[in-house]
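Heads up: the structure comes next, in structure tokens.
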Amino acid sequence: MHSIWAVATNTIKQALRMKVALVSLLLLIVILPVLGFSATGDETLKGRLQTFVSYSLSLMSLLLCVLTIIISVYTVTSDIEQRQIYTVITKPIRRYQFVLGKLLGVIILDVMLLALFSAVIYTITIYTPSFTNASEAELIQAENEFFTARAALNVPEEDVTEEVLARYEELERRNELPPDETREDIIAELTKRKQLAKRAAEVGRALIWEFDNVKPLAETMFIRFKYDIFPNPPDSQVYSLWLAGDDQYIKYGEQPDTPVYEQSHKHAARTFHEVEFPSDVVPEDGKLAIAFVNIPPNEAPVIFPLDGFEVLYKADSFGANFVRSVFSILLRLIFLACLGLMASTFLSFPVAVLFCLVFFFTATFSGFVTESFGYLSENVGAVYSYTLERVIQLLPQFDKFNPGKFLVPARLLSWSELAKAAVLPPWWGFDGDMVFVKAGLLLLLGLLIFRFREIARITA
Amino acid sequence: MEYAIETFSLTKIFSDWWGRAKVYAVDDLNLQVRSNEVFGFLGPNGSGKTTTLKMLLGLLHPTKGRALILGGDGSDPKINARVGFLPEESYLYRYLNARETLDFYGRLFGLPPKLRKMRIEALLDMVGLKAVANRAVGTFSKGMARRIGLAQALINDPDLLILDEPTTGLDPIGTRQIKDLIIKLAKRGKTILLCSHLLADVEDVCDRIAILYGGRIQSQGQVRDLLQQTNKRQITTDAISDATVAKIEQLVRDENAECVVTSPMDKLETFFIRTVTAAQKKAQPTSGAVSTTKIGDFLTQPPAVENILDKLVAAPISPDLSDRGPLTEDVAADTVSKSRPDEQLLSKLAGSSEPGQPGIAGFQEKVETEAVQTPTPESEQVNKDILQRLTGGPADQNEDGQETDNSQAGSSGDA
């Protein structure tokens, strides 16, 4: 252990005395405050905060990722190319200890830099409201919709299979089925229509969502929604009546023991809005119902798009959520450190850096990459799905657990979500990413290569 | 006899990209280096010396054959802990300063902090870099880097020291110091493999040599056997009168032999050291390494101190000594400053007891080292000290003593 620690501290010293670390440090220290003042978003305080957090976290993440790649590759390749390793590896240290020491050093450095930069970002974020002359309403909005960590109630997907089948049989009886389409196509089409109908409300009609086992976890809860309306009214405004309370009341009008939220609103179509309601409307049995009523002067049916309705509640503080977001960045840094070390056990500095950067950018845009390959695969078929697809699955999917995705809409990034990204597999319904497992495999590969390679042979 | 280094048909072939054999860097090498000898490994550039060393240390894999050092594998940490290695160039971390460099290597050996600190200071003192200990090693001249390289090879007080061209880039004083050090370490029972093509250095210190060419050993044996001219005799005297010289010449002629009489020349090395020592005494400033003739205390401490203590305790001497704990280095590390007086006391005790006693020789050694550490006013004196130390030292207890004496005579006895 002492030798691992000796190598680790030496690696940290090397990185700190390298100009690369210094340059990125200066860059961030200069850029972050500038971003803080120049990011304005949609001119509201919330928009400003969202823009800043999203940009600054992405920037920090990108810089640290590149820095991690460069340092982890450089620290091994320079030892080999400048031959300091001759005097190190001939001391009582095993080769795996040497690599682990380097890894530990890079990770400690990452933790230090990450802590420093995220502290700066956090401080700027927290103090932004006091430096802007935002109105009281904006402050409250920022408090409720940004400086928080909210979880969403699961909107139960309505099962329409039976209705669709019934409708299909009815059409079949009436002999009205379109002749040149297969049964699957017709069923799919009917399902689509049925589901759309479930999310649409004619003028004067209501849409009701029901939730089970709701526990009022915070003082207020939020309905986050987006309208589509056809045809579009001239001013794009949608009038509505929102109700929230005991499901028996909402559905059948039975007088409840708990209060009921009932409020009419006017919102613009096709952007997200939030409606706040008190948590004490949730009945004791936890059966909460929420209703939207399409009221005049609307003249057209209102449709909620697929991701257009959510019920949010405050589950944690902004600070805790921020810390977990930083952890998710650390996850990818650890992965990249393992990747860099693995590459540097058999490649020279420029080649290893190139290799890692390609790996990194592919992982960053993994969604896009998988999608485009998936599109290609329709033509290539089996060859693709048994070769390239497997390889792409080995890449971590950084965009899947992007911290901005959680902090910007003030969405809870829970520890279990983090664990999903770190260790859980993408199959068996976990939808994880196994970043740690993938990093461990890479590291193991690197250790094996390093164990058997000839140290004194310099590969150009 | 156990060998410190032994190779069996060691072969290294460097092949090209396709795996075709290209160069036989080392070819069927069978090398045996005995424990406690100074072995010179000679050869022109590219003769396979460094490749052999790299295979010994596990930096390269042999194509064929096997290499054992200290009876084990060169990549085994247990073996590495007993080996000191100075590569052909001092490959150092340029961003560390001298003290940090040694600290790093000390920590790789897992030396406890106090012992580490003590050794680092002793080594910095020894290689004359104490004044620049806080300067980044990257700014060092080649010779200064070499000194740090040597210091890192010694920080674990190794049983086997492998030195690849240790004197390249060093000034004559540094060279001389390394040679003195090698002799001292050999006296303490260490084994040294000296790889060089500077023949003068090798000749001065080595017991046995092997000459390598084309990856094969061309010649191997005792330096004395290989170099002694058995058909010549040399007599060195004090300044005697011309009349006596004439008488001697007459005697020689009577035996039908040739005779040449000259005044012996100083070696340039001796003259150089004398000049620089004089300048140092005037305390002229230098930005480089300060040449000293000091050798790290822990390196010159006699081996197995307990044994000597045992003997001292067994001998009828002042009783308070028996109260002292064993003076092993690990214990001494805790009381670095305190151990000094003890040593001096021991030295006195050792000096007063019978000179022929085995084991005490080490302590006399110690006393003389101290004498060198505080240079006597006249530079002549320093030389005499060294000379005396090298040749006139008490009979060595180790079996190679005779050989060591002989090779040392080569360094000073060119008169």
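The values are calculated or read from the model by the stated rules, or taken from the named source; none is laboratory data. Note that the coordinates shown come from a computational prediction; the quantities given were computed from them, not determined experimentally. Here the Cβ is made from the backbone with ideal geometry for all residues, glycine too, and neighbour counts use every protein chain on show.
Listing for the model above:
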item: Residues that are surrounded by fewer than 20 Cβ atoms within 10 Å (Cβ to Cβ) and in a helix (DSSP H, G or I), drawn from segment A:342-358; result: A:PHE349, A:PRO350, A:VAL351, A:LEU354, A:PHE355, A:LEU357, A:VAL358
item: Of residues in segment B:70-98 being more than 12 Å from chain A (Cβ to nearest Cβ) and crowded, with 21+ Cβ neighbours inside 10 Å, the one nearest to B:ASP157 (Cα to Cα); result: B:LEU70
item: All positions within segment A:72-91 that are at the interface with chain B (Cβ under 10 Å from one of its Cβ atoms) and either touching a strand residue (DSSP E or B) at 6+ places or on another chain (Cβ under 9 Å) or of a type in the set (A, V, I, L, M) (or both); result: A:ILE85, A:TYR86, A:THR87, A:VAL88, A:ILE89, A:THR90, A:LYS91
item: Test result for A:ALA244, farther than 17 Å from A:PRO301 by Cα and in a strand (DSSP E or B); result: yes
item: Residue count, segment A:96-140 (criterion: modelled with pLDDT of 90 or more and more than 22 Å from A:LEU35 (Cβ to Cβ)); result: 15
item: Qualifying position, being in contact (Cβ under 8 Å) with a residue 40 or more places away in the chain and under 29 Å from A:GLN141 (Cβ atoms), among A:GLY245, A:GLY204; result: A:GLY245
item: Any chance B:PHE140 is within 11 Å of chain A (Cβ to nearest Cβ) and crowded, with 22+ Cβ neighbours inside 10 Å; result: no
item: Condition check for B:GLU37: at pLDDT 90 or above, touching a helix residue (DSSP H, G or I) at 6+ places or on another chain (Cβ under 8 Å) and more than 14 Å from every other protein chain (Cβ to nearest Cβ); result: yes
item: Single unsatisfied condition, A:LEU100 versus (1) under 29 Å from the mean Cα position of the chain (by Cα); (2) assigned by TED's automatic domain parsing to the domain that holds A:MET342; (3) in contact (Cβ under 8 Å) with a residue 40 or more places away in the chain; result: (1)
item: Criterion violated by B:GLY48 - all others in (1) facing chain A (nearest Cβ under 8 Å); (2) over 28 Å from B:GLY138 (Cα atoms); (3) surrounded by 23 or more Cβ atoms within 10 Å (Cβ to Cβ) satisfied; result: (1)
item: Odd one out for A:ILE208 among (1) under 31 Å from the mean Cα position of the chain (by Cα); (2) in a helix (DSSP H, G or I); result: (2)
item: Of residues in segment B:99-117 being facing another protein chain (nearest Cβ under 7 Å) and free of Cβ contacts under 8 Å to residues at least 40 places away in the same chain, the one farthest from B:ALA4 (Cα to Cα); result: B:PHE104
item: Yes/no for A:GLU371 being closer than 30 Å to A:LEU153 by Cα, modelled with pLDDT under 75 and assigned to a helix (DSSP H, G or I); result: yes
item: Among residues of segment A:12-31, those that are more than 32 Å from the chain's Cα centre (by Cα) and more than 10 Å from every other protein chain (Cβ to nearest Cβ), counted; result: 1
item: Out of B:VAL260, B:VAL252, sole residue that is assigned to a helix (DSSP H, G or I) and β-branched (Val, Ile, Thr); result: B:VAL252
item: Residues of segment B:173-216 that turn out to be part of a helix (DSSP H, G or I) and within 15 Å of the chain's Cα centre (by Cα), as a count; result: 21
item: Subset of segment A:32-47 that is buried (at least 17 other Cβ atoms within 10 Å of the Cβ) and over 28 Å from A:VAL106 (Cα atoms) - its residue that is nearest to the other protein chains (Cβ to nearest Cβ); result: A:GLY36
item: Among the residues listed as A:GLN97, A:GLN50, the single one being surrounded by fewer than 24 Cβ atoms within 10 Å (Cβ to Cβ), of a type outside the set (Ser, Thr, Tyr) and within 13 Å of another protein chain (Cβ to nearest Cβ); result: A:GLN97
item: Any hit, segment B:145-153, residues being surrounded by 21 or more Cβ atoms within 10 Å (Cβ to Cβ) and not in a helix (DSSP H, G or I); result: no
item: Any chance B:THR63 is surrounded by 24 or more Cβ atoms within 10 Å (Cβ to Cβ), out of contact with any Gly (no Cβ under 6 Å at 6 or more places or on another chain), more than 10 Å from chain A (Cβ to nearest Cβ) and of a type in the set (Ser, Thr, Tyr); result: no
item: Total residues in segment B:121-137, condition within 14 Å of chain A (Cβ to nearest Cβ) and assigned to a helix (DSSP H, G or I); result: 1
item: Qualifying helices (runs of 4 or more DSSP H) (wholly inside segment A:91-204; at least 3 residues being touching a helix residue (DSSP H, G or I) at 6+ places or on another chain (Cβ under 6 Å) and among the aliphatic types (A, V, I, L, M)); result: A:95-131
item: Some residue of segment B:42-54 being in contact with a helix residue (DSSP H, G or I) (Cβ under 8 Å, 6 or more places away or on another chain) and modelled with pLDDT under 90; result: yes
item: Members of segment A:219-236 that are over 17 Å from A:ARG205 (Cβ atoms) and surrounded by 16 or more Cβ atoms within 10 Å (Cβ to Cβ); result: A:MET221, A:PHE222, A:ILE223, A:ARG224, A:LYS226
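Table: residues versus (1) surrounded by 13 or more Cβ atoms within 10 Å (Cβ to Cβ); (2) touching a Lys or Arg at 6+ places or on another chain (Cβ under 8 Å); (3) more than 15 Å from A:LEU306 (Cβ to Cβ); (4) among the charged types (D, E, K, R).
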{"residue": "A:ASP159", "(1), (2), (3), (4)": "no, no, yes, yes"}
{"residue": "A:VAL164", "(1), (2), (3), (4)": "yes, yes, yes, no"}
{"residue": "A:ARG173", "(1), (2), (3), (4)": "no, no, yes, yes"}
{"residue": "A:GLU184", "(1), (2), (3), (4)": "no, no, yes, yes"}
{"residue": "A:LYS194", "(1), (2), (3), (4)": "yes, yes, no, yes"}
